[in-house]
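Right, one structure below, let's go through it.
The values are calculated or read from the model by the stated rules, or taken from the named source; none is laboratory data. Given the structure is predicted, the values throughout are model-derived calculations rather than measurements. A quick note on method: Cβ atoms are made from the backbone with ideal geometry, for glycine too, and the neighbour counts reach across all protein chains shown. Surface accessibility is based on the protein's heavy atoms, side chains included, excluding ligands, DNA and RNA. Shrake-Rupley method; radii C 1.70, N 1.55, O 1.52, S 1.80 Å.
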Amino acid sequence: FLFVFCFQIILFLFLNMPQATPIKLVGAILSVPVFLVGMAKIMAMGVAFISDTWNGHRLFQRMSNSSIVAVEWFCFVVFLGIPTLTCVSCLLSRKDNWWEITVVVWVIIVFAFFVVFFLMVVRHEISSCFKLIRLLEDNELDGSGGWLRLAKHAILMREIQNYSGLRKERYLIEGDKEAPTGGYALSADYEPFKTYISVYSWFTKLASRSVFFDELDQPVRNYSAEEVRDIMPFVTAKTWSLEKMCCQASGSRMVTVVSGPSSLRPNQFISSIACNLLAMLLIALLITGVLVWMSFDGKMIALFAVLFGLFCFLPVATHSVRFFRSYRNIRRVLDGDGRNGALNTGDNSQRNDKTVLQIIETVRITQPRPWLCWTLFSLSASLLFLWPLISLIATNWKISLVYLFLGGFTFVRKFFNVAVVLAEFGSLSGIDIPLKRSKAETSAKTGGTLANIIDSSRRIETDQVRVMRKKARISKIVGKVSNNHNVTAWMWVFAFFIVAIFVMFISALGSGETAAYQNKLINDLVMNNGILPVGEFYYPQQQYLPYPTCELKKGFEIPGVGSTSLGDYGFLAALSYASPEESKILLDQWFGEGKVRDMHELVAQYRKDSDTEKNPISYKLFTFPDLPEFAVLSVRGSETIWDWVVNIQLWSAAGLAQVVQSIIPFGWAFTPILNELIYAVNSLQSETLKSVSYYKQTTNFVQEILGGYGNTGIKTMRSTGASLGGGIAIITGAQTEASAVAISGINAMLSRDTFDPPLTKEQINTRTFNVIPDRDIIASLGGKGRLYQNVDCQAPMNSLAGCHSMWRTICEIEYQCGSGDRPVLCRCNRLYGYPPPEQNGTRTFDQACPS
């Protein structure tokens, strides 16, 4: 659920952009990198916390300097003891919500544990960073200059590593040779058989002739995290696997055995290359298949092919070509071909009868000058932190606080990074970490007695253990947290979900449910006689059991009628897209002439009086002359970008929470507190965003009408709508007791506490009814109330949004429940594939509804 919180913050940031001034808009855009990186780091820290918990809290134990017994008992109390005692006390007190209280306590205490873990990691990262900088400066442990000097040194070191030019060098080394101090790149006895310089590094070499960069006379080793931790995996014929070579993390380091009994075989090299290319090809074919299955046009598929080729396949193919050339050059060297130099043996001899390793080392060849480092640091701090922070304070102070925390957290972990300092040292094993001693230990005199000698030897042994523990702790922090590859993965996850949400909305827009398409369907009904006269054609009720809600009663029926067809509410929901002229014609055809009226003039006057004419929401008020005290509010579904903004604003947190709940084990256990978690997340949205919520307009309108506005005499109302309109109708119906009948409406149970005023379970369970077609993803969001009806959907399986269609649902209701005394729609057969209706007159269906 931390993911839901992080994702919602990013969404709220984007949702505020359309109404921001240009300066604030730029500030919001500039805040995106810090938000993404900060959120990804938080999630990566959460993964590290879960991993450490699963593996016995080893990192937590090392950071807390506690015994394993104490740590295990502490974790037992946190994860089981306190929640169990809470549950027992609630049961003994006969509380009805005993499980909800237990889960709340468990979530709070585990989150507190995570915060402790988080603070301990950051503390040890900073303290280890500063201690190593002191060693690098060859100062005492309590050296002069203070924290400010150390911080400046750490920032400068990070900027130098960020912007320096690098060169990669490949070496072929006999396995029995001892590695030289500082690595092969700094040894005069070894020559690389292949070097590689990136375009950026080449540019820095050119710029070194100016005042920006310095070219180093002697290259400086740039150690990887694996080298620092003394963890360098060897790839041999025995340890090689296709999965390992295909799925290895980008940029991971390894030593390849290229000659000798354990060397990789030629078919293993070729298989590694073929696997990477084949994997990319399979991914491309899979995505292409999905696009074709979803009926995307050829232009979209061609665009995907170009983008995939440029950003995915081309980099992999380039890497594979380099890998193959490297293998070919290695074979030439090993086979005695002098064109590529000789094998490095340290004594310039060539021996092919022993194990040969391929080792890649990176050296720094240029580095930016200090003034450039500080200039770049100042620019990044100003543009990516201060400007966005000021803009967010003026827009949404709640999110600005989150940004302040994330910015500070990201700054600290980026610039006071122990992994960066260790890259200057090399291996951890070569670092002599000093220990703090108490005054008693420092002032103690060691005599010549046997007891003092034994005590001194014990102290030396204890010091060695302490040093090893410190190094192990630093190694764990660097490997599991500081250099965590999960950060990049989580950034991709956030990007994927953002794209997925917009693709889903665009898919819904492209599925034929846009306002323009709805207007076309309405116009088709009017101009092409799409509604067949009552009595000429009809759908009989199907032989199997009908939907229990074909006829609505008790609270949802039209007063004085006895029961109301579910299809009537669906038709009124669809007419929210019609013009006043069109709605009059269609209302007369559906209900009978003069039976229902569209009060568009009253709605227009109210919007003018309430100064809500510019609000994007659209709704209609239908009255019944035979029932002057009754009316139905019909709310239009999504049409504009603003409509989708409202969709995201109101229901994205609930939808994401449902996704997370369905993925995690025992996710059902969190159901009682989901609404509270969603309320906490949505509390961050800005007041400006809240003020434009559509349901506020419709709720105020219903209250005004029932309060006597317009002297209509209306005392009872119902509300209806489809999609977004259905979701708004559900909220308004629950708040005003104008019972709602929604078609594919977004549900409100999980988000009930986020509305103003909040909804209760009783209001949702007794005042709202939702028709939910099969495979309708949007209508499944938000948590259903007690009253709903699942209906069949005959849309093709490859149409993701095909079931989210109010007209298709109206046809399903007419076909299954029977048309009764209502007319039949031509489109049920022509557009949605239902069987032709029964003929009851002289015209055939083909004559009445030509194709």
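For region 361-382, enumerate the residues that are open to solvent by less than 40 Å² (accessible area, probe 1.4 Å) and either over 26 Å from the mean Cα position of the chain (by Cα) or in contact (Cβ under 8 Å) with a residue 40 or more places away in the chain (or both).
Listed by number, the residues that qualify are 361, 362, 363, 364, 365, 366, 368, 372, 373, 377.
Return a yes/no flag: does region 289-302 have any residue that is at pLDDT below 80 and of a type in the set (A, V, I, L, M). Don't jump to the end; show me each part of the working.
From region 289-302, those at pLDDT below 80 are 294-297; that's our starting set.
Next, only the ones that are of a type in the set (A, V, I, L, M) stay: 294.
There is at least one residue in region 289-302 that is at pLDDT below 80 and of a type in the set (A, V, I, L, M).
Residue 385: open to solvent by 10 Å² or more (accessible area, probe 1.4 Å), modelled with pLDDT of 90 or more, in a helix (DSSP H, G or I) and aromatic (Phe, Trp, Tyr), yes or no?
Values: open to solvent by 10 Å² or more (accessible area, probe 1.4 Å): yes; modelled with pLDDT of 90 or more: yes; in a helix (DSSP H, G or I): yes; aromatic (Phe, Trp, Tyr): yes.
Here the answer is yes, as residue 385 does meet what is asked.
Taking region 300-310, which residues are open to solvent by 50 Å² or more (accessible area, probe 1.4 Å) and either closer than 22 Å to residue 272 by Cβ or among the β-branched types (Val, Ile, Thr) (or both)?
306
Specify the residue that is surrounded by the fewest Cβ atoms within 10 Å (Cβ to Cβ); the eligible residues are those in region 802-851 that are within 11 Å of residue 537 (Cβ to Cβ) and β-branched (Val, Ile, Thr).
Step by step, filter region 802-851, then rank; the result is 844.
Restricting to region 748-779, name every residue that is out of contact with any strand residue (DSSP E or B) (no Cβ under 6 Å at 6 or more places or on another chain), touching a residue at least 60 places away in the same chain (Cβ under 8 Å) and not charged (D, E, K, R).
Matches in region 748-779: 749, 750, 751, 754, 755, 766, 777, 778.
Go over the candidates 110, 71, 103, 47 one by one and state the one that is closer than 22 Å to residue 653 by Cβ, at pLDDT 85 or above and more than 23 Å from the chain's Cα centre (by Cα).
Unique residue meeting the criteria: 103.
Does residue 776 satisfy being open to solvent by 30 Å² or more (accessible area, probe 1.4 Å) and either assigned to a loop (DSSP other than H, G, I, E, B) or closer than 20 Å to residue 659 by Cα (or both)? Write out each step before concluding.
On the way: open to solvent by 30 Å² or more (accessible area, probe 1.4 Å): no; either assigned to a loop (DSSP other than H, G, I, E, B) or closer than 20 Å to residue 659 by Cα (or both): yes.
No.
Filter region 715-754 for residues that are in a loop (DSSP other than H, G, I, E, B), crowded, with 21+ Cβ neighbours inside 10 Å and of a type outside the set (S, T, N, Q) and give the result.
The initial filter retains those residues of region 715-754 that are in a loop (DSSP other than H, G, I, E, B), namely 715, 723, 737-739, 744-751.
The next check asks that each one be crowded, with 21+ Cβ neighbours inside 10 Å; those that pass are 723, 738-739, 744-748, 750-751.
Within region 715-754, 738, 745, 746, 748, 750 qualify.
Kindly indicate whether residue 582 is within 19 Å of residue 725 (Cβ to Cβ), open to solvent by 20 Å² or more (accessible area, probe 1.4 Å) and not in a loop (DSSP other than H, G, I, E, B).
Details: within 19 Å of residue 725 (Cβ to Cβ): yes; open to solvent by 20 Å² or more (accessible area, probe 1.4 Å): yes; not in a loop (DSSP other than H, G, I, E, B): yes.
So residue 582 passes the test.
What tally of residues in region 90-117 results from selecting those that are assigned to a helix (DSSP H, G or I) and over 20 Å from residue 47 (Cα atoms)?
Here is the first cut: in region 90-117, the residues assigned to a helix (DSSP H, G or I) are 90-92, 98-117.
Checking which are over 20 Å from residue 47 (Cα atoms) leaves us with 90-92, 98-105.
The total comes to 11.
Could you pull out every one of the helices (runs of 4 or more DSSP H) wholly within region 1-89 that has 3 or more residues that are under 24 Å from residue 406 (Cα atoms) and open to solvent by less than 20 Å² (accessible area, probe 1.4 Å)? First the steps, then the outcome.
Details: elements: 2-16, 22-54, 58-64, 68-76.
Fully inside region 1-89 and qualifying: 2-16, 22-54, 58-64.
Please go through (1) under 24 Å from residue 422 (Cβ atoms); (2) in contact (Cβ under 8 Å) with a residue 40 or more places away in the chain; (3) under 39 Å from the mean Cα position of the chain (by Cα) for residue 171 and return the number of the only condition it doesn't satisfy.
If we test residue 171 against (1) under 24 Å from residue 422 (Cβ atoms); (2) in contact (Cβ under 8 Å) with a residue 40 or more places away in the chain; (3) under 39 Å from the mean Cα position of the chain (by Cα), just (3) comes out false.
Which residue out of 706, 759 is open to solvent by less than 20 Å² (accessible area, probe 1.4 Å) and in contact with a Ser or Thr (Cβ under 9 Å, 6 or more places away or on another chain)? Before you say what the answer is, go through the steps one by one.
Details: 706 fails: open to solvent by less than 20 Å² (accessible area, probe 1.4 Å).
Exactly one residue qualifies, and that residue is 759.
What residue, among those in region 555-577 that are among the small types (Gly, Ala, Ser) and open to solvent by 10 Å² or more (accessible area, probe 1.4 Å), is modelled with the highest pLDDT?
The first filter runs over region 555-577 and keeps only residues among the small types (Gly, Ala, Ser), leaving 555, 560, 562-563, 565, 567, 570, 573-574, 576.
Adding the requirement that they be open to solvent by 10 Å² or more (accessible area, probe 1.4 Å) leaves 555, 560, 562-563, 565.
On the way: 555: 74, 560: 66, 562: 65, 563: 69, 565: 85.
Restricting to residues being among the small types (Gly, Ala, Ser) and open to solvent by 10 Å² or more (accessible area, probe 1.4 Å), the top hit is 565.
Between 681, 660, which is assigned to a helix (DSSP H, G or I), at pLDDT below 85 and crowded, with 21+ Cβ neighbours inside 10 Å? Let's see the steps before the verdict.
Working: 660 fails: crowded, with 21+ Cβ neighbours inside 10 Å.
Answer to the check: 681.
Given the criterion under 30 Å from residue 795 (Cα atoms), in a helix (DSSP H, G or I) and without any contact (Cβ under 8 Å) to a residue 60 or more places away in the chain, identify the matching residue among 289, 309.
289
If you take the residues in region 518-551 that are at pLDDT 65 or above, open to solvent by 60 Å² or more (accessible area, probe 1.4 Å) and farther than 13 Å from residue 826 by Cα, which one is nearest to the chain's Cα centre (by Cα)?
Among those residues, the one meeting the criterion is 548.
Tell me which residues, restricted to region 562-578, are touching a residue at least 40 places away in the same chain (Cβ under 8 Å) and assigned to a loop (DSSP other than H, G, I, E, B).
Hit for region 562-578 is 578, nothing else.
Restricting attention to helices (runs of 4 or more DSSP H) lying wholly within region 133-228, give those where 1 or more residues are within 27 Å of residue 255 (Cα to Cα) and at pLDDT 75 or above.
On the way: elements: 146-163, 199-207, 225-228.
In region 133-228, the matching helices (runs of 4 or more DSSP H) lie at 146-163, 199-207.
Somewhere in region 257-280, is a residue farther than 28 Å from residue 311 by Cβ, modelled with pLDDT under 80, part of a loop (DSSP other than H, G, I, E, B) and among the hydroxyl-bearing types (Ser, Thr, Tyr)?
Among the residues of region 257-280, at least one is farther than 28 Å from residue 311 by Cβ, modelled with pLDDT under 80, part of a loop (DSSP other than H, G, I, E, B) and among the hydroxyl-bearing types (Ser, Thr, Tyr), which makes the answer yes.
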